[in-house]
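To start, the structure under review is shown below, and the notes come after it.
The values are calculated or read from the model by the stated rules, or taken from the named source; none is laboratory data. In this text, all values refer to a predicted model and were calculated from it rather than measured experimentally. Note that we place each Cβ from the backbone using ideal geometry, even for glycine, and neighbour counts take in every protein chain shown.
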Amino acid sequence: MFAPGCRSAFVVVALLAACAAGAAGARAESPMHQKKPVRLLSTVHGGYRLIQQDSEIGQERFERRTYDDNTVIYDVVSTANMGGATLSSVVRLVVDEESYFPRSFKSERTIAQATDTTRIAYTAEVFSNVVVVSSDIRGRTDSRRIVVPAGLPIVELGTVYGWYEILFWVNLSSPDHQRFQWLDPQRNVVESGEIYVAGEQTMDVLGKKTPVVVLKAERERVGPATLFVDAGRRIVRCEQNVTVFELVEWTDKK
């Protein structure tokens, strides 16, 4: 049992604690402190088939979601049959809507062969002009900090979705050769190249005759690429090295 003086002190402390908890709860429930829910503004689905030597070898499909908090998220799934191996990957790329500066990147790749399966994972977290790239290859992990120009795109080679990051900065009306760079998360290096408008033409896109701008990209260490881009900055065809990416699906919901 508590002595009378102790009992009084205990009651006072309990009342003060209850008041403090009530005030904290009121603050937490106050509309002034509630976080505004993020709203989805639009969703784009795109699908490309991969062609080598006139034969379809795989596909790349992405979903691009735009939110009202200046966020764009790409979710990408791709598969390709390369000789005796099947390559598959799942990617998530998060960028700012206004600047298209990347925030984070995650890629999980699987290389399946008749006698072996290899899993490779890459992640990149962007902090201003520093990117922390981590990898997990067959259980062997590594992490590096790379200083890069602010806003540098993060692009995997052998994909088409990554070109949308670069295309954001390209002036389709300029006749000049425009310099661009990107970070290759697999090799932890900054790559460079030039891109320019090579002409215009009309081509069949999803059953419709569509005028497109032809862009030529000269990449210093990984070879050339050609992009065919329509008026909505949609890549309808991409030719890089020996692979052609051809648009076969596109939906835009707002």
>> Can you pull out every residue in the stretch 170-190 that is at pLDDT below 95, within 27 Å of SER104 (Cβ to Cβ) and not in a strand (DSSP E or B)?
In response: PRO185, GLN186, ARG187, ASN188
>> Could you tell me how many of the residues in the stretch 191-223 are at pLDDT below 95, assigned to a strand (DSSP E or B) and aliphatic (A, V, I, L, M)?
In response: 0
> Among VAL95, VAL91, which is surrounded by 16 or more Cβ atoms within 10 Å (Cβ to Cβ), in contact with a Pro (Cβ under 9 Å, 6 or more places away or on another chain), at pLDDT 95 or above and β-branched (Val, Ile, Thr)?
Replying inline: VAL95
> From the list ALA217, ALA198, which one is within 21 Å of the chain's Cα centre (by Cα) and small (Gly, Ala, Ser)?
Replying inline: ALA217
> Among the residues of the stretch 212-228, how many are farther than 14 Å from GLY162 by Cα, surrounded by 19 or more Cβ atoms within 10 Å (Cβ to Cβ) and either in contact (Cβ under 8 Å) with a residue 40 or more places away in the chain or acidic (Asp, Glu) (or both)?
Replying inline: 1
> When the stretch 163-191 is examined, which residues are found to be closer than 30 Å to THR117 by Cα and in contact (Cβ under 8 Å) with a residue 40 or more places away in the chain?
Replying inline: TRP163, LEU183, PRO185, GLN186, ASN188, VAL190
